[in-house]
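Working notes, structure below.
The values are calculated or read from the model by the stated rules, or taken from the named source; none is laboratory data. Predicted model only: the values in this text are computed from it and were never measured. Here the Cβ positions follow ideal geometry from the backbone for every residue, glycine too, while neighbour counts run over all protein chains shown. Note: areas computed on protein heavy atoms with side chains; ligands, DNA, RNA excluded. Shrake-Rupley method; radii C 1.70, N 1.55, O 1.52, S 1.80 Å.
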Amino acid sequence: MKQYITKSLIFLIVVLTAACDSFFDNEPDNLQTIEQVFERRNSTLEFLANVYSYIRPVYEWSNQTIWAGISDEIDVTYSDYEISKINLGLLAPDKEDLYYGNLWNHYYPGIRAATYFMQHVDKNSEMEKGEILRCKAEARALRAWFYFCLVRQYGPVVILPEELASADASTDDMQYPRSSIKKCFEYIVSEMDEVVKMNAMAKETYTGLNYGRITEVFCKAVKARALLYAASDLYNQDRTLDVFKNFRNYDNSPMMDYTDADRQERWGKAAAAQKDIIDNYSFSLYRENNINGTYDPYKTCQNLFITDRNSEIIFAKPAGGFWEMDLACSPRFLGAWSGWGVVQEMIDDYFTGTGYPLLKGGDGKFYAEDGSYTEDGFSAVAGDNGYTQKGTYNMYCNREPRFYVSITFNNCKWLSDYNTSTVEFFYGGNTGRTDKETRNYSQTGYLCRKFVNPKSNVQTGQLVEHAAVMFRLGEFYLNYAEALNEADYSANKAQVLLYLNAIRTRAGIPGYGTNITAGELPVPANQEAMREAIRHERRVELAFEEARYFDCCRWAIAHEKFDGPKHGMNANDSRGKDVFHQRTTFENRVFKDYYLLWPIPLSEMYKGKLLVQNPNWSSISSANMAE
């Protein structure tokens, strides 16, 4: 542990040295040097900027942010990437070389850096008291966010003391147990409440170069999400999976210590936290009209993520780093990689243009109850607001607007200001596998274009940057609907429908209601049916936004959704176009029930005498795995 803390400080010094060489001419193990950082305003702000740097990129799916790629959303084509190894069941406590998934060793240095900043920033004589207070509040909020990110991945974690151990502290002085899940969530919520009470930051957003700094509503958003998780089944010992029911700490106290006794109360608190954001801030669902002044769900859904600082964005990371997204999600005929494919299971969960879900028939084909969907044949004419051409497989016809602006499918036009060529995913096609190209192609026969900026010119390398949305109002509408339904379906049904339908109608599909002749769908008949409707809406509305993986984990169903064969079109068959439109298994993934909580890295287990490993992982070793 002593070595670990020292290395964290060394890392911080090295980062700052890169920005301000004149401050650091000594060897970076001189701890007096780091104290000097807080004597000057610029270096103090650089230290805080480094704490911000621990916020993970949201949309770099290949390695940096793995959650879409290990769920039932995305396939990252490249088998040599770490994400592929995780999907094949090669995760183990001693596989610490799987760096991008091992976030225990990412966030704890960020937590220590935030705490160190809070302990030392008051020493700065060049900063006004108000600025010091704001910076301290930001560091405290960031620390709580880092804890939340750890909890959602590992479950109960170690809550470190407010005073960091000194560099000469003994190993025994730095032994800390994991806190129970209840204490973890209570800590995160309490910390965000305390930050808000400091009244030191902007309520909603900053302008100019300060855009992207922590705000009051960011703290409320983290709190609201934490309360939603705390009410969920994974953490409730009466409802969690069997593998976690007897999960015990070193002192034999339960790790999953929520129960059914206060379940409704927890859902009520979660609902109130979502409503606080909805009612007490000026955000609104983003909407765009076409040139005729009529509402356009296609433009709305496409531009929501590439129009910076729009009315729906609660918090975003500026300069979101979308160069990899633009390259990996663009066709190969542009000189791009064509490497992030959408899995068929995601394709099948988009609604029809009439708002109906697809159901699987006895013959294995999908259908919609209103007859609006078929998988037989190809379209005779262009349609779907110009998103489908003549000869398009009927699977892709008469689908909802979110499908068309989010998914690149075979025979569609590429959405770009510079190139609108038809995309071919079949073997031998212009962006499919060929005899020579066996790496840069989509194994599923689809690409995700939800976040790709049509103003980026991939061919010339002119990629247009935009912010990476981390929190937006649409999520909190769905959070609120979920919490209300779980708290009391009968009493809250009208409000649940109000917010659920607001998302659907914004997306250009009918809501649930009683006027069937006007295109509305029947209202879900009971709490369970409403639960499934809300989860389905989250699946589509929040697709690829880092929600699906953690939703399925907190609902304790991730092993049911992620384990087993994943499908796409028949993209690897050398017979090409004639056999392409067939559901085909491209990968058999491994996601066991105990994967819902990741293993604590083995090196940390060796150092932490009071740490207990997550269930079943103690018996897993990479020595028994063949890559």
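Summary value for the stretch 156-226: 28 percent relative contact order, contacts being C-alpha pairs under 8 angstrom separated by 6+ residues.
Take every DSSP beta bridge whose two residues both sit in the chain; close to 90 percent of them are antiparallel.
Amide H contacts under 5 Å for residue 366: 361, restricted to partners 5 or more places along the chain or on a different chain, H placed in the peptide plane at 1.01 Å from N. If only the Cβ of Lys and Arg carry +1 and only the Cβ of Asp and Glu carry -1, the dipole of the chain around its Cα centre is close to 620 debye. The mean accessible area for residues of the chain, using a 1.4 Å probe and ignoring ligands and nucleic acids, is 39 Å² per residue.
Each residue of the stretch 343-349 was assigned a 3J(HN,Hα) from its phi angle through the Karplus curve 6.51 cos²θ - 1.76 cosθ + 1.60 (θ = phi - 60°); the sequence is 7, 4, 4, 6, 4, 6, 8 Hz, with glycine and proline shown as x.
Evaluated on the chain, the Kirkwood hydrodynamic radius is 25.8 Å, with distances taken between all distinct Cα atoms.
For the stretch 247-308 versus the stretch 70-111, the spacing of their alpha-carbon centroids is 26 Å.
Seen from residue 179, the other residues with C-beta closer than 11 Å to its C-beta sum to a net charge of +1, counting Lys and Arg as +1 and Asp and Glu as -1.
Spatial offset of the stretch 114-156 relative to the stretch 571-627 amounts to 34 Å, using the alpha carbon center of each. Dipole of the chain computed with +1 at Lys/Arg Cβ and -1 at Asp/Glu Cβ about the Cα centre; of 357, 572, 521, farthest Cα towards the positive end is 521.
Here the stretch 241-312 is treated with +1 on each Lys and Arg Cβ and -1 on each Asp and Glu Cβ, and its dipole about the Cα centre works out to around 100 debye.
Hey, got the dipole for the stretch 210-356? About the Cα centre, +1 on K and R Cβ, -1 on D and E Cβ, debye to the nearest 20?
Value, rounded to 20: 380 debye.
Residues whose amide H lies under 5 Å from that of residue 69, counting only those 5 or more places away or on a different chain, are absent; hydrogens are built 1.01 Å from N in the peptide plane. The local environment of residue 603, defined by Cβ-Cβ distances under 10 Å, has a net charge of -2 under the rule Lys, Arg +1 and Asp, Glu -1.
Dipole of the chain computed with +1 at Lys/Arg Cβ and -1 at Asp/Glu Cβ about the Cα centre; of 64, 478, 325, farthest Cα towards the positive end is 478.
Which shape class, rounded, prolate or oblate, goes with the stretch 145-203 when its Cα gyration tensor gives a ≥ b ≥ c as root eigenvalues, a/c under 1.5 marks rounded, and past that a/b bigger than b/c marks prolate?
Oblate.
The stretch 450-523 and the stretch 328-388 have Cα centres separated by 19 Å.
Phi angles across the stretch 176-181 convert, under the Karplus curve 6.51 cos²θ - 1.76 cosθ + 1.60 with θ = phi - 60°, into 3J(HN,Hα) values of 10, x, 6, 8, 5, 5 Hz, Gly and Pro given as x. Computed in the context of the full set of protein chains, the accessible area of the chain at 1.4 Å probe radius has 47% of its extent on carbon or sulfur. Annotation: amide H-H contacts under 5 Å for residue 342 (H modelled 1.01 Å from N, sequence separation of 5 or more, or interchain): 75, 446, 447, 448. Seen from every direction in turn and averaged, the convex hull around the alpha carbons of the stretch 389-466 projects onto 6.0 nm².
The phi-based Karplus calculation (6.51 cos²θ - 1.76 cosθ + 1.60; θ = phi - 60°) puts the 3J(HN,Hα) values of the stretch 262-268 at 10, 4, 4, 4, 5, 5, x Hz, whole numbers, x for Gly and Pro.
Once the chain from residue 311 to residue 90 is taken as fully extended at 0.36 nm per residue, the excess over their C-alpha distance is 75.3 nm. Computing FRET efficiency as 1/(1 + (r/R0)^6) for residue 382 and residue 526, where r is the C-beta to C-beta distance and R0 is 41 Å, gives about 0.50.
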